[in-house]
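Trainee: Sharing a structure here in structure tokens format.
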Amino acid sequence: MAKQHHPEPGAIEALATMASSTRTADIPARAMEQAKLIVLDAIGCAIAGLGEETSKSVLGHVNEAGGADRCSVVGQRGRTSLLNAILANGCLVRVLDLNDYIGGVSGKGPQIGGHPSDNAPTALAAGEAFGCSGADVLAASVVGYEIFGRLKQLMDPHGVWDEVTVSGLVAPAMAARLMGLDETRFAHALALGIARAPTPAIVRGGHVSAAKSIANALVAQSGVQGALLAARGVTGPLAALEAERGLRGLFDRGDARALLAAPMPDDLYIMRANVKMYPCLATGQAAVAAALRLREMAGGDIAALEKIDVVMADYPIVRKQQADEARIRPRSREAADHSFNFLVAVSLIDGEFGLRQYENERWFDPQVVALMARLAMTSSADLAARAPGAYPCQLRARHRDGRELVADVPFPPGFSRGGLESGVVTEKFMAISAAHAPMEARAAIVEAVAGLDRAASLVRLMSAARFDARIA
């Protein structure tokens, strides 16, 4: 009998080996702590998003669709199916654009690497559905972040496909780990997930639609469905990442197989995750913090500031955003939360920055418009050098009494310099969830997350997340 030829395993099989063989016990304690804080932040973002119209529509659909009483939906007493929970909670986490962001550094400065906590609902729903320990759920999250980061490296950031495409491998990998699939079925779960994942970049471009809020949830939902089918023996296209008629052109900025097969490094991707303290773009976090600090230095008397310079890092992306006419004079919520002019002006006027600052179309408020026009946008290479990996900001103002006031924020609150600060993340959680969650529910969630690495299951955490939300 002729010897049978077995081709070398491809990128999907190599990834399945890496993701399934990484033991929970091998995940460093610092990464598990980081994962806990990210879970807390994601749940806080979900609670904050309960009142949004898109959220109400998605929750209405989920409640109407019904399904097995298996998984929790944040802010609702009842439970739903695994796949419906991923859709509902995925929308809630993402709808306000307030969840985590990843930082990295390239030759052109820091690079925004997406929002990997979009997939926190997948880890929580799968962990709840399959009775997993808190530690296993956290470990699945750490592995998911690593896959997310590696796939982002392989994608063209300016291409036609959106970053949520990577969740077609991240979500089934998380689920397959928590389901305990063997390596073969694990690989087929990945193949089934990625086969339906490619998402066009228009979901977050042009006239931004509600698709931006649910794009990742839909990919994750489909990916976990792939894992459920693979568990029953359904197979997927294992050569999807290499085949000419597959996705070879999507993940082509490097050796996909070598990168995805590499063991977990000491410098884990999850440690680069930052939390947004303010509901605006990542590059504007330090600008808001600097504006709040400058207002305090001026004793709240903004009218006494005769000249205000907004100095930001000299990076191409920052200069492009500073010069964007749609951002200089925003005419919509989407433009306002990406406008340095609006963010600085309204923070100086109000002395705070949260969701309330977008009410009543404040970007058209004559006082805000007048202050936006007075701001002088500049950039500095020295500022960039002092805060590598961040998007720093410095506000320089001349007071009418002759003083020069300088509010300098090299690293914004919530920026991870080797790890997130527990107090900062908890403060954000309590603030953004206050409108919709009673104090006892918020306190119970914080306490449950703190002990998640020692919890035998997610029962305590997800029970705390099921409360009667206050929604207007």
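No value in this document is a laboratory result; all are computed from the given coordinates. Being a predicted model, the structure only gives us computed values, none of them experimental. Methodologically, a virtual Cβ is constructed for each residue, glycine included, from the backbone with ideal geometry; neighbour enumeration extends over all protein chains shown.
Trainee: Please compute the length gained on full extension between D350 and T184, using 0.36 nm multiplied by the number of residues separating them and subtracting their Cα-Cα distance.
Mentor: The span from D350 to T184 would gain 54.1 nm if fully extended.
Trainee: A further question follows. Over the stretch 282-409, what is the relative contact order in whole percent, taking alpha-carbon pairs under 8 Å and six or more residues apart? Let's see the in-between values first.
Mentor: Values: 213 pairs, mean separation 54.0, N = 128.
Averaging sequence separation for qualifying contacts and normalising by length gives 42 percent for the stretch 282-409.
Trainee: Separate question: On a full-extension model of 0.36 nm per residue, what is the gain between A303 and R77, subtracting their alpha-carbon distance, rounded to one decimal in nm?
Mentor: Difference between extended and current length: 76.5 nm.
Trainee: To the nearest Å, what is the center-to-center distance of the stretch 301-361 and the stretch 435-449, using C-alpha atoms only?
Mentor: If you average the Cα positions of each part, the centres end up 32 Å apart.
Trainee: Excluding L40 itself, calculate the net charge of residues whose Cβ lies under 15 Å from the Cβ of L40, where each Lys or Arg counts +1 and each Asp or Glu counts -1.
Mentor: -2
Trainee: Sticking with this one: Residue-wise, which Karplus ³J(HN,Hα) couplings in Hz belong to the stretch 51-64, taking 6.51 cos²θ - 1.76 cosθ + 1.60, θ = phi - 60°, and x for glycine or proline?
Mentor: x, 6, 4, 4, 4, 4, 5, 5, 5, x, 5, 5, 5, 6
Trainee: What number, rounded to the nearest 500 deg cm²/dmol, is the helix-based mean residue ellipticity at 222 nm of the chain, given -39500 (n - 2.57) per DSSP H run of at least four residues and division by all its residues?
Mentor: After summing the helix terms and dividing by residue count, I get -14500 deg cm²/dmol.
Trainee: State the extension gain, in nm to one decimal, for the chain segment bounded by N360 and S457, taking 0.36 nm per residue of separation less the distance between their alpha-carbons. Please list the in-between numbers first.
Mentor: Details: separation 97, 0.36 × 97 = 34.92 nm, distance 4.36 nm.
Contour length minus the Cα-Cα distance gives 30.6 nm.
Trainee: To continue, here is another question. So, R0 is 25 Å and r is the distance between the beta-carbons of S57 and R470; what FRET efficiency does that work out to, to 0.05? Please report the intermediate quantities before stating the final value.
Mentor: Details: r = 19 Å, r/R0 = 0.75.
Between S57 and R470 the formula returns 0.85.
Trainee: Normalising by the residue count of the stretch 25-102, find the relative contact order in percent from Cα pairs under 8 Å and 6+ residues apart.
Mentor: 37
Trainee: Looking at [x] 1.12; [y] 0.95; [z] 0.99, which value of Rg/Rh (Cα atoms, Kirkwood Rh) comes from a calculation on the structure shown?
Mentor: Recomputing Rg/Rh (Cα atoms, Kirkwood Rh) here picks out [z].
Trainee: Taking the Kirkwood radius as the inverse of the mean 1/r across Cα pairs, report the Rg/Rh of the stretch 282-409.
Mentor: Ratio value, two decimals: 0.94.
Trainee: Between A376 and M430, what FRET efficiency follows from the Cβ-Cβ distance if R0 is 35 Å, with the result rounded to 0.05?
Mentor: 0.45
Trainee: Using the beta-carbon distance between E334 and D255 and R0 = 30 Å, what value does 1/(1 + (r/R0)^6) give for FRET efficiency, to the nearest 0.05?
Mentor: With a Förster radius of 30 Å, E is 0.20.
Trainee: In what sequence, highest mean first, do 338-345, 78-85 appear when ranked by Cβ atoms within 10 angstrom? Don't jump to the answer; show the numbers that get you there.
Mentor: Values: 338-345: 25.9, 78-85: 21.0.
The peptides rank, most packed first, as 338-345, 78-85.
Trainee: Right, something else. Near the amide H of R248, under 5 Å away, which other amide H atoms are found, from residues 5 or more places off or on another chain, if H is placed in the peptide plane?
Mentor: Excluding prolines and chain starts, which carry no amide H, the hits are A243.
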